[in-house]
1. Can you pull out every residue in segment 42-55 that is of a type outside the set (Val, Ile, Thr), more than 21 Å from residue 67 (Cβ to Cβ) and open to solvent by 50 Å² or more (accessible area, probe 1.4 Å)?
2. Residue pairs, Cβ under 7 Å, 6 or more apart or interchain, first in segment 59-85 and farther than 19 Å from residue 114 by Cα, second surrounded by fewer than 22 Cβ atoms within 10 Å (Cβ to Cβ) and among the small types (Gly, Ala, Ser). List them.
3. Find the residue count for segment 11-37, including only residues that are of a type in the set (Val, Ile, Thr) and part of a helix (DSSP H, G or I).
4. Just a yes or no: is a residue in segment 114-122 in a strand (DSSP E or B), hydroxyl-bearing (Ser, Thr, Tyr), surrounded by 14 or more Cβ atoms within 10 Å (Cβ to Cβ) and modelled with pLDDT under 95?
5. Please find, within segment 57-113, the residue that is modelled with the highest pLDDT out of those that are of a type in the set (S, T, N, Q) and not in a helix (DSSP H, G or I).
6. Hey, any hits in segment 68-81 for a residue that's of a type in the set (Val, Ile, Thr), out of contact with any Asp or Glu (no Cβ under 9 Å at 6 or more places or on another chain) and surrounded by fewer than 20 Cβ atoms within 10 Å (Cβ to Cβ)?
7. So, of the residues in segment 1-41 that are charged (D, E, K, R) and open to solvent by 70 Å² or more (accessible area, probe 1.4 Å), which turns out to be farthest from residue 72 (Cα to Cα)?
8. Examine segment 56-66 for a residue that is closer than 21 Å to residue 19 by Cα, acidic (Asp, Glu) and surrounded by fewer than 20 Cβ atoms within 10 Å (Cβ to Cβ), and state whether such a residue exists.
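The values are calculated or read from the model by the stated rules, or taken from the named source; none is laboratory data. Being a predicted model, the structure only gives us computed values, none of them experimental. All Cβ positions, glycine included, derive from the backbone under ideal geometry; neighbour counts span all protein chains shown. The protein model used for the area step is the full one, side chains on, heavy atoms only, and it has no ligands, DNA or RNA in it. Shrake-Rupley method; radii C 1.70, N 1.55, O 1.52, S 1.80 Å.
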Amino acid sequence: MSLAGKRFLIAKPGLDGHDVGAKVIALALRDAGAEIIYTGLRKAPDFIAKVAVEEDVDAVGLSILSGSHLELVAETVRQLRALDGGAIPLFVGGTIPTDDQAALKDAGVLGIFTADMKIDDVVAAIEAALS
């Protein structure tokens, strides 16, 4: 797999303080050739959108374990659109119930990844979605 030349923003929106999964994905994407920008913990959607637009990323990955994924994704999409970044693909990973996945896709999420997926499958799905 190769994501050479792609730039990703990996972000932890909201109050969730667990970022191991985000770091694992960031490393896997890096190993596939991508450049990674990691915002760190507890970032607001407006901050995430601003960084994504300023850094001219090819995609944004949100890691959400707090249960507030519907609200955080909707606000991140709103903020991206407000900054003319609405075309930036958005991926979400974390604790995402099956019942919420359709709403996330309707909100503009390109891919949803949960803890039961293999890392190589996640990277392959992201690569396929961006090609």
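1. Answer for segment 42-55, where residues must be of a type outside the set (Val, Ile, Thr), more than 21 Å from residue 67 (Cβ to Cβ) and open to solvent by 50 Å² or more (accessible area, probe 1.4 Å): 50, 54, 55.
2. So the pair list comes out as 77/107; 77/108; 80/86.
3. First, pick out the residues of segment 11-37 that are of a type in the set (Val, Ile, Thr): 20, 24-25, 36-37.
Pick out the ones that are also part of a helix (DSSP H, G or I) and you get 20, 24-25.
Counting residues in segment 11-37 that are of a type in the set (Val, Ile, Thr) and part of a helix (DSSP H, G or I) gives 3.
4. Yes: one or more hits.
5. Here the residue is 63.
6. Scanning segment 68-81 turns up no residue that is of a type in the set (Val, Ile, Thr), out of contact with any Asp or Glu (no Cβ under 9 Å at 6 or more places or on another chain) and surrounded by fewer than 20 Cβ atoms within 10 Å (Cβ to Cβ).
7. Among them, the one singled out is 31.
8. Step one: list which residues in segment 56-66 are closer than 21 Å to residue 19 by Cα, which gives 57, 59-66.
The next check asks that each one be acidic (Asp, Glu); those that pass are none.
Scanning segment 56-66 turns up no residue that is closer than 21 Å to residue 19 by Cα, acidic (Asp, Glu) and surrounded by fewer than 20 Cβ atoms within 10 Å (Cβ to Cβ).
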